[in-house]
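A.B. asks: So that we are looking at the same thing, I have put the structure below in structure tokens.
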Amino acid sequence: MSGQDEDDEARRLRRRAEEKLRERVSDAADPAAESNALALLHELQVHQLELEMQNETLQQARIEAEAARDLFTQLYDHAPMAYFNLDSLGILHRTNLAGARLLGTTRSELAGRHLTGFVNEEDRPRLADLIYKVFAGQASEHAELPVTTLTGISRILRVEACAGQVGSDLCLLAAVDITDLAESRQALMVAASVYETLDEAVMVANAGQRIILVNPAFTRLTGFSADEALDRSIELIRAHRESPAFEEQLRRNLHTTGHWQGEILHRRPSGEQYMAWVSMHLLRDDRGFPMRYISVFRDITEQRRAEEAIWRQANYDPLTELPNRLLFLDRLRHGIRQAQRRGRLLALLFIDLDKFKEINDRLGHDAGDAVLKEAARRISRCVRTSDTTARLSGDEFTVIMGGLESGSGVDEVGAKILKALDQPFEVAGTRVALSASIGTAFCPGDATDPAGLIKCADRAMYAAKETGGQRMTHFSLQLDATLQEREALIRELPDAIEHGQFSLCFQPIVALDTRLVVMFEALLRWEHPRRGQLNPDQFLALAEAAGLLGRIDEWVFKQSLSALEQLNARRGEQELPLKIAINESSPDGVEGVSVDIWKQQLSQSGISPDCVIIEVTEQLLQDEDGRVDAWINEVHASGLKIALSQFGIKRAGIPHLQRYPFDLLKIDRSFVHNMPHDMADRTIVHSIINMAHRLGLKVVAEGVETHQQHELLREAECDYAQGYLFGKPLPVDRILVEMEPTG
């Protein structure tokens, strides 16, 4: 029944009571009774009014209670925090919408389920202990529990439980999803751990660039403790070796982009400097003003040293410490670009050490390395500081001279280098003689690209070497044509041996007192199909460069023995056997024929070793080492005779006469040619003959072409003579014909 219906029923009852009371009063007709009745009626009316007022109050209270209940229900159901009502066994009796969403289901599906079913197994004892303490009347408890929803999502809840709120048999469990907070907290813990254990130094400064925070790595790296660094300027660790332009660019980048990174030189309290790789970051506040400066840096000194070492290994020769081929090419390309842009000349000098291989062979590679280091030092001292001296490989050096207005300065530098390298080298207590051949080329005159310029300078160097070395040659088109011809001859040499294009001519050597032929000198010729007959000085150096000298010498020795057999057979047994002189330009062990091979050929021919004379020149003896000594001693021990030819050219042959077991001395043709009209040369010839005789040597005069020369030599008591006066070099078959008896 509604409140309005109750009020109507009360008024109806009141009216009936009043009517009954009046009827009773009327029947009694007693005024006193009527008065009392009216008083009672009035009192009843007053109580009725009070009841009506109380009823209205109760009605209002009930309305407010229902509104409060509805509000509570709405707040409970739609609260952002999850609520769970559960009993002491953990069974859910009621939950709000947030709780259902949190567990990934509906409220109806949660009713009657155990909350522990959502909690990870290892954390269920914590939930049970929490519920137990709440129902035991202990203070409100809270905990963090990982749960897994029905949809398989893992969450972390912060729960708080209290009892007696909705009945003594239930407790209220309030839960908040703190998954993001827990993950952020974990991330902060990790970040803090990383910050503390980071190998890189971290320095945080305030807006005034005063240090407010450093990590342990900062102390280890910089040497400054935290107390020494805090509230100090960030300039504390700077060495301040960078330029003002660098500082300005750093400041501009940092305040424009908010970050900068690069290399900065730092210092430690001891003053020691180190290179640091620094990453700087600027944090701004909400208004855009600088708030924090964060610097993260590490010591890269050893890294830079290692990188520099690797770079040097890649770009510098480890022996001489000069730029190697890689760096040389880079600087040559740069120099050519500079020359073309500025309209200047660039010169490239290609330097090759003459006979360096022989130093390695006779003294060893350690001695060769010492020579290369000293040669590099001498070359570097001859050039300008702006020039580049490089070692390409082996005994090849280059010099790049840029910014030239003319080529005159190149000749001066080349002359200095030749003079410097001509000085003796002291190696392991031994004086070593060395020389160099230099080829030069110019940009843009000869070539405008690195490969072309190198090729031109290289060809010029070979031209200098071909003309005897110890000189500098400039590249030219005529020179290039000559070199091309030279290269063609080198390519044709192997075929010349195989196809029998080599031949021997024999020039007689006569006894001056009788003018009878006593020996012949074997002279090599190359019957070239295109260029005609070539003399040894036109191709022997090429044969040596091609590694064919040994094969040619072996062929010459064998053919000479065969010719000598024929000549002696024609001469007859009643006369003394003829002898043969064979030129040797390279000793055994380098390019020459092994002495053992000569012995084998002599044994097969039946010719006595003392009928064969091996001719060597003074130039061959310039390399005073054990290898030449051993070779000459081996030749002498085999029974072969040894002659020193072209004596007098070097003006240093006398010590060789005392040192080596020579049997014959051949005076160079230049002295013989000048004897008739040059008293000095005549005196020199007389002196040579007298000295040789006192040493027990026989003497041969080369290049005798006139009777006057012959008479002067005979008067000087020279033993033998050789020249056109007595006969030209002829093939053995022509000589055999001339030896036939006439008539």
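A.B. asks: Across the range 240-249, in residue order, what do the Karplus-derived ³J(HN,Hα) couplings come to in whole Hz, using 6.51 cos²θ - 1.76 cosθ + 1.60 with θ = phi - 60° and x for Gly and Pro?
C.D. replies: With coefficients 6.51, -1.76 and 1.60, one gets 6, 9, 7, 6, x, 5, 4, 4, 5, 5 Hz.
A.B. asks: Can you compute the helix-only [θ] at 222 nm over the chain? Use -39500 (n - 2.57) per DSSP H run of at least 4 residues, normalise by all residues, nearest 500 deg cm²/dmol. Write down the numbers at each step before the final one.
C.D. replies: Numbers: 25 runs with 350 residues, N = 743.
Result for the chain, helices only: -15000 deg cm²/dmol.
A.B. asks: Considering all projection directions equally, how large on average is the shadow of the alpha-carbon convex hull of the chain, in square nanometres?
C.D. replies: Details: hull surface 280.4 nm².
Convex hull of Cα atoms, orientation-averaged projection: 70.1 nm².
A.B. asks: Let me have the relative contact order for the chain, percent, based on Cα pairs under 8 Å that are six or more residues apart. Mind dumping the intermediate values first?
C.D. replies: On the way: 1155 pairs, mean separation 41.6, N = 743.
Answer for the chain is 6 percent.
A.B. asks: On a straight-distance basis, which lysines could pair with Lys133 in a cross-link, Cα separation under 27 angstrom, same-chain partners fewer than 8 positions away excluded?
C.D. replies: none
A.B. asks: List the trypsin sites (Lys or Arg not before Pro) within the range 259-350 that DSSP assigns to loop and that have no more than 13 neighbouring Cβ atoms inside 10 Å. If you can, show how the numbers build up before the last one.
C.D. replies: On the way: sites: Arg267, Arg284, Arg287, Arg292, Arg298, Arg304, Arg305, Arg312, Arg325, Arg331, Arg333, Arg337, Arg341, Arg342, Arg344; in loops: Arg287, Arg344.
Filter output for the range 259-350: Arg287.
A.B. asks: Using the heavy atoms of the protein chains alone and a 1.4 angstrom probe, what is the accessible area of the chain per residue in square angstrom? Mind dumping the intermediate values first?
C.D. replies: Numbers: 40080 Å² over 743 residues.
Value returned for the chain: 54 Å² of accessible area per residue.
A.B. asks: Filter the GluC sites (Glu not before Pro) in the range 394-493 down to the DSSP loop ones having no more than 15 other Cβ atoms within 10 Å, then list what survives.
C.D. replies: On the way: sites: Glu396, Glu405, Glu412, Glu426, Glu466, Glu485, Glu487, Glu492; in loops: Glu405.
Sites meeting the loop and neighbour criteria: Glu405.
A.B. asks: May I ask you to list the aspartates and glutamates whose Cα is less than 12 Å away from that of Lys465, ignoring any residue fewer than eight positions away on the same chain?
C.D. replies: Qualifying aspartates and glutamates at Cα under 12 Å: Asp352, Asp354.
A.B. asks: Using the C-alpha atoms of the range 475-583, what convex hull volume per residue, in cubic angstrom, is computed? Walk me through the numbers on the way to the answer.
C.D. replies: Details: hull volume 13.8 nm³, N = 109.
Output value, Cα hull per residue: 127 Å³.
A.B. asks: Show me the three semi-axes of the equivalent ellipsoid for the range 456-507, from the C-alpha gyration tensor (sqrt of 5 times each eigenvalue), largest first, rounded to whole Å. Walk me through the numbers on the way to the answer.
C.D. replies: On the way: eigenvalues 151, 41, 14 Å².
Semi-axis lengths for the range 456-507 are 28, 14, 8 Å.
A.B. asks: On to the next question. So which lysines pass the test for Lys373, namely a Cα distance under 20 Å, with those fewer than 8 places away in the same chain ruled out?
C.D. replies: By straight Cα distance, Lys373 reaches Lys355, Lys357, Lys416, Lys419.
A.B. asks: With all protein chains present, calculate the accessible area of Thr448 using a 1.4 Å probe and round the result to the nearest 10 Å².
C.D. replies: That residue has around 70 Å² of solvent-accessible surface.
A.B. asks: A further question follows. Just subtract the alpha-carbon distance of Gln45 and Leu576 from 0.36 nm times their residue separation and send over the number in nm, one decimal. Present the calculation step by step, with values, prior to reporting the outcome.
C.D. replies: Working: separation 531, 0.36 × 531 = 191.16 nm, distance 18.86 nm.
Extra length available between Gln45 and Leu576 comes to 172.3 nm.
A.B. asks: Continuing with this model, one more query. For the range 532-539, just list the computed ³J(HN,Hα) in residue order, Karplus coefficients 6.51, -1.76 and 1.60, θ = phi - 60°, integers in Hz, with x standing in for Gly and Pro.
C.D. replies: x, 6, 10, 7, x, 5, 8, 9
A.B. asks: If you don't mind, another one. For the pair Asp285/Arg241, report the inter-label distance in nm, with labels modelled 7 Å from Cα in the Cβ direction.
C.D. replies: Spacing of the two 7 Å Cα→Cβ label points: 3.9 nm.
A.B. asks: For each pair in Lys558/Lys599; Lys641/Lys666; Lys558/Lys579; Lys599/Lys641; Lys599/Lys728; Lys698/Lys728, compute the distance between the two Cα atoms and list the pairs where it is over 19 Å. Show your work: numbers first, answer last.
C.D. replies: Details: Lys558/Lys599 11 Å; Lys641/Lys666 13 Å; Lys558/Lys579 14 Å; Lys599/Lys641 13 Å; Lys599/Lys728 30 Å; Lys698/Lys728 22 Å.
The answer is Lys599/Lys728; Lys698/Lys728.
A.B. asks: On to the next question. Tally Lys/Arg at +1 and Asp/Glu at -1 over every other residue whose Cβ is under 13 Å from the Cβ of Leu489; what's the total? Show your work: numbers first, answer last.
C.D. replies: Working: positive: Arg486, Arg491, Arg530, Arg531; negative: Glu466, Glu485, Glu487, Glu492, Asp495, Asp537, Glu544.
Summing Lys/Arg as +1 and Asp/Glu as -1 gives -3.
A.B. asks: How big is the Kirkwood radius of the range 385-522, worked out from every pair of different alpha carbons and given in Å to one decimal? Please list the in-between numbers first.
C.D. replies: Values: mean 1/r = 0.0538 Å⁻¹.
Here the Kirkwood hydrodynamic radius works out to 18.6 Å.
A.B. asks: Report the rotationally averaged projected area of the range 233-315 based on its alpha-carbon convex hull, in square nanometres. Please report the intermediate quantities before stating the final value.
C.D. replies: Numbers: hull surface 27.5 nm².
Taking the Cα atoms of the range 233-315, their convex hull projects to 6.9 nm² on average.
A.B. asks: Could you tell me what a quarter of the Cα convex hull surface of the range 242-380 works out to, in nm² with one decimal place? Don't jump to the answer; show the numbers that get you there.
C.D. replies: Numbers: hull surface 59.2 nm².
Across all orientations, the range 242-380 yields a mean hull projection of 14.8 nm².
A.B. asks: Right, next: Would you mind telling me the share, in percent, of accessible area of the chain contributed by carbon and sulfur at probe 1.4 angstrom?
C.D. replies: Working: 20540 of 40080 Å².
Carbon-and-sulfur percentage of accessible area, whole number: 51.
The values are calculated or read from the model by the stated rules, or taken from the named source; none is laboratory data. Being a predicted model, the structure only gives us computed values, none of them experimental. All Cβ positions, even for glycine, are placed from backbone atoms using ideal geometry, and neighbour counts span all protein chains on display. These accessible areas exclude ligands, DNA and RNA; they are computed on the full protein's heavy atoms, side chains included. Shrake-Rupley method; radii C 1.70, N 1.55, O 1.52, S 1.80 Å.
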